[in-house]
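Asks: Quick one: the structure is below, questions incoming.
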Number of protein chains: 2
Amino acid sequence: MRRKVTLKQIAKELDVSISTVSKSLRDSSEISEDTRQKVQAFAKLYNYKPNNIALSLKNRKSKTICIIIPEIIHHFFATVISGVEHVANENGYNVIVCLSDESFDKEVINMEMLANGSIDGFIMSLSKETQQKRDFHHITEVISQGMPVVMFDRITNDILCDKVIIDDNLAAFNATQFLIDKGFKKIALLTTVDYVSVGKLRTEGYIKALKTNDLKVDENLIVKIEDTDNFEDQIENLILNNDLDAIFAVNEIFAVTAIKVATRLGKSVPNDVSVIGFTDGIISKYSSPSITTVSQNGVKMGEKAARMLLEKLEIEEEDYEEQYKTEVIETELVERESTK
Amino acid sequence: MRRKVTLKQIAKELDVSISTVSKSLRDSSEISEDTRQKVQAFAKLYNYKPNNIALSLKNRKSKTICIIIPEIIHHFFATVISGVEHVANENGYNVIVCLSDESFDKEVINMEMLANGSIDGFIMSLSKETQQKRDFHHITEVISQGMPVVMFDRITNDILCDKVIIDDNLAAFNATQFLIDKGFKKIALLTTVDYVSVGKLRTEGYIKALKTNDLKVDENLIVKIEDTDNFEDQIENLILNNDLDAIFAVNEIFAVTAIKVATRLGKSVPNDVSVIGFTDGIISKYSSPSITTVSQNGVKMGEKAARMLLEKLEIEEEDYEEQYKTEVIETELVERESTK
DNA sequence: TATGTCACCGAAAACGTTTTCGTGTTGAAA
DNA sequence: TTTCAACACGAAAACGTTTTCGGTGACATA
């Protein structure tokens, strides 16, 4: 087990100074051809690689960014990470992944832990708890220290920073309109509680579509699901007590569960009830029937967020001007078997 | 935008030495009650936090580990990350996630990039290409430098290090035996090409089960899928040309696709054909019919791998002895609707 | 011979910590 | 008054780099 070799060791071995070694390896013109070759040969032999930590300390940048997400097992977030990772890697950055587990405290701890030199910037999507508490001091804190933050998907308007979102409102509107165009009149909505920003926006889009088409908004058809572990009963009641045409669900799980419950209750999807979901994940693709859904391209969001962050990181301090953008990623309606 | 405050700045401001500040903050008994309180108050006011990079350099450890996986959008790998992340976080470690995209080169680049002080150890699952090339020099390299490596799931016996696996052979045997016990005789296998270690082992388990029960192994019933993007035809041929009882698939995608193709061909699952999968992901759970599957607990694997790595990291250099363990995580057969 | 110009190299600072060791001051004991 | 311990603090090294600045010797020019 031989430890990594350092400049100092090479210098000692070759009986030159550390500076000479460093310069030789960086092909400085100050060094004679002779010594340069000697040093480079030696370095190669011992497989010298500069110590990243030392470089980080010296340069005051770590070439590492952090992405904080509520859950990694959600396919959407996994795709976002994938996008972030690729852009970061292409530009010589590493990615630290932190999971908040939808907890405010974990989000705070993670940020504080890393905001001390370990990383150069954050990409994040808020935890449910944070959205509920509306406490963003940990984020304003790091921003005020000059660390760039890019928020995506679950964002807040209370914070000034770069953002990457989809137009949740419009996407929901379009999805609902799609159902209306098919001639459906009694369209139910499976959504989240209001403090989840995207859930709220999608609910608004749904309502807007109904109103635009002079359809009455029936509160009985709007089911707000809080407990994501056990909500089949809610859906069952919805279906039993209303004579539904169609269901619009704000995520994949809600959609696939709706299909399952409907099928169990003897309703055929899409013949009796059409179902449309949100997020084009593996469930929508592989479910039977496969699910018509609003595709929000996570990879693209991740790539965009990463690019925005790196851009901020690469500009010189002096030129820094606080100007924040909000990028909207296009959504797309993927038509599959669950609608007719 | 106020930059982070350093010991030096505090020292200057309070007109004491850097050492005094450092000691005060660490509650050293060398410092008088008076100055200590003064320093601590000032530090709190300015929200002082020690610079992690400087600490890393000093301590020669970064309190960061890296997990390298082939793909993050595979649910199984996401769950492993989740397990790793939690254990790491509990112990004050951060996790850098690297994706090899099944590419040998990316795997090598990632490892070389991080093995220079940035991280304290690796957790990894081999890329397909690496398994195919059987070139592991990048891994032996970092191990020989004294950096601990824990491999999981896709491992190789050519490398000596800690490993976390499931008994793929046994799990496949049990799954096949489960089908045999139900009375099925013509059991097909949907598997990967042989160089994927887990695919090969699962194939062996399947064959072993057949032989143990004196069933003949029909090569026509074994479909090795290379192109994971387009293999429906292969399955269709399998079903059309053979009078199958049951299908054992070595992953979720193969299983759900088999069900889809069978259904399309007019075969009912599970009434005409029973299907059993591998990996208890969201597909198996939400597909209709839901899929009976071998559950390999990714979270547990991740946790175990992280614990093994941290254990190696926490022991003192002197006590270090090269002794490697291979931990086997229990699998479980989750019975659902796709078998009868 | 004195001066200047290169080519080549080394010392040292800097990044932000922690820790060892040394030093000056105080008060009490001899 | 001297001695010694205890106390409180500072200087400096160390982690591994990069870079600025200065210095030395050789050689050419005046």
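Asks: Positive end of the charge dipole of the protein assembly as shown (Lys, Arg +1 and Asp, Glu -1 on Cβ, about the Cα centre): tell me which of A:28, A:313, B:59 has its Cα farthest that way.
Replies: A:28
Asks: Determine, for each peptide in B:51-59, A:241-249, the mean count of other beta carbons within 10 angstrom over its residues, then list the peptides with the highest first.
Replies: Listed from highest to lowest mean packing, they are A:241-249, B:51-59.
Asks: Towards the positive end of the charge dipole of the protein assembly as shown, with charges on Cβ (+1 Lys, Arg; -1 Asp, Glu), say which of A:339, B:137, A:231 has the farthest Cα.
Replies: Of A:339, B:137, A:231, it is B:137.
Asks: Compute accessible area for region A:24-61 by itself and then with all protein chains, 1.4 Å probe, and report residues whose area falls by 50 Å² or more.
Replies: Hits at the 50 Å² cut-off: A:52, A:53, A:57.
Asks: Have a look at B:284, B:156, B:250 and report the one farthest towards the positive end of the charge dipole of chain B, computed about the Cα centre with Cβ charges (Lys/Arg +1, Asp/Glu -1).
Replies: After comparing all options, I get B:284.
Asks: Measuring nothing but label to label, 7 Å from Cα along Cα→Cβ, what are residue A:229's distances to the other copies in nm, shortest first?
Replies: 4.1
Asks: Counting only the backbone N, which residues of region B:22-57 are under 14 Å from the spot 7 Å out from the Cα of residue A:8 toward its beta-carbon?
Replies: Output list for this probe position: B:57.
Asks: Also: What is the magnitude of the charge dipole of region B:198-272 about its Cα centre, with +1 placed on the Cβ of each Lys and Arg, -1 on the Cβ of each Asp and Glu, and no other charges, expressed in debye to the nearest 20?
Replies: 280
Asks: In debye to the nearest 20, how big a dipole does region A:168-297 give about its Cα centre with +1 on each Lys and Arg Cβ and -1 on each Asp and Glu Cβ?
Replies: Using Cβ point charges on Lys, Arg, Asp and Glu, region A:168-297 gives about 380 debye.
Asks: Quick one: buried accessible area between A and B, total over both chains, 1.4 angstrom probe, nearest 100 Å²?
Replies: 5200
Asks: Considering only Cα-Cα distances, which of the following residue pairs are longer than 31 Å: A:163/A:208; A:260/B:163; A:44/B:61; A:106/B:304; A:23/B:8; A:44/B:8?
Replies: Those over the limit are A:260/B:163; A:44/B:8.
Asks: So which residue, out of B:234, B:40, B:132, gets the largest mean-square fluctuation from a GNM of chain B using Cα contacts under 10 Å as springs?
Replies: Sorting by GNM fluctuation, first place goes to B:40.
Asks: Under the convention of a label 7 Å out along Cα→Cβ, give the distances in nm from residue B:132 to the same position in every other copy, shortest first.
Replies: 4.8
Asks: Per DSSP helix of 4 or more residues, -39500 (n - 2.57); summed, then divided by the residues of chain A. What does that give at 222 nm, rounded to the nearest 500?
Replies: Helix-only estimate at 222 nm: -13500 deg cm²/dmol.
Asks: Further question: Report the calculated FRET efficiency for residue A:19 and residue B:159 (r = Cβ-Cβ distance, R0 = 35 Å), to the nearest 0.05.
Replies: Result of the calculation: an efficiency of 0.35.
Asks: Can I get the semi-axes of region B:7-50's equivalent ellipsoid? Compute them from the C-alpha gyration tensor as square roots of 5 times the eigenvalues, in angstrom, largest first.
Replies: Those come to 14, 11, 9 Å.
Asks: State the extension gain, in nm to one decimal, for the chain segment bounded by residue A:47 and residue A:182, taking 0.36 nm per residue of separation less the distance between their alpha-carbons.
Replies: Answer, rounded to one decimal: 42.0 nm.
Asks: Give the residues of region B:279-319 whose amide nitrogen is closer than 19 Å to a point set 7 Å from the Cα of residue B:325 in the direction of its Cβ.
Replies: B:297-317, B:319
Asks: Another question, if that's okay. Loop only by DSSP, 14 or fewer other Cβ within 10 Å of the Cβ. Give me the GluC sites (Glu not before Pro) in region A:268-328 that pass, ordered by residue number.
Replies: A:316, A:317, A:318, A:321, A:322
Asks: Any chance you could get the radius of gyration and Dmax over the Cα atoms of chain A, in Å?
Replies: Considering chain A through its Cα atoms, Rg and Dmax are 26.3, 88 Å.
Asks: So what does the Cα-only Debye profile of region B:209-308 read at q = 0.11, 0.13, 0.19, 0.21 Å⁻¹, as log10 I(q)/I(0), no solvent term?
Replies: -0.38, -0.52, -0.97, -1.11
Asks: Ignoring ligands, DNA and RNA, what accessible area per residue does the protein assembly as shown give at 1.4 Å, in Å²?
Replies: 45
Asks: Continuing with this model, one more query. Using 20 Å bins from zero, what percent of all Cα-Cα pairs in the protein assembly as shown falls into each bin?
Replies: Result, from short to long distances: 16, 44, 31, 9, 0 percent.
Asks: Report the residue, chosen from B:25, B:309, B:179, that carries the largest GNM mean-square fluctuation when chain B is represented by alpha-carbon nodes joined by springs under 10 Å.
Replies: B:25
Asks: Now for a separate question. Run the dipole for the protein assembly as shown about the Cα centre, Lys and Arg Cβ at +1, Asp and Glu Cβ at -1, nothing else charged, and hand back the magnitude in debye, nearest 20.
Replies: In debye, rounded to 20, the protein assembly as shown gives about 920.
Asks: If you don't mind, another one. Nm distances between the label at residue A:47 and the same-position labels in the remaining copies, 7 Å along Cα→Cβ, shortest first?
Replies: Residue A:47 label point versus its equivalents elsewhere: 4.3 nm.
Asks: Using DSSP to call loops (not H, G, I, E or B), can you name the trypsin sites (Lys or Arg not before Pro) in region A:93-195 whose Cβ has at most 12 other Cβ atoms within 10 angstrom?
Replies: For trypsin sites (Lys or Arg not before Pro) across region A:93-195 that sit outside H, G, I, E and B with at most 12 neighbouring Cβ atoms in 10 Å, the list reads A:134.
The values are calculated or read from the model by the stated rules, or taken from the named source; none is laboratory data. None of these values were measured; they are calculated from a predicted model. Cβ sites come from the backbone with ideal geometry, for glycine too, and all protein chains shown count toward neighbours. Each accessible area value is taken on the protein alone, full model and side chains, heavy atoms only, with ligands, DNA and RNA left out. Shrake-Rupley method; radii C 1.70, N 1.55, O 1.52, S 1.80 Å.
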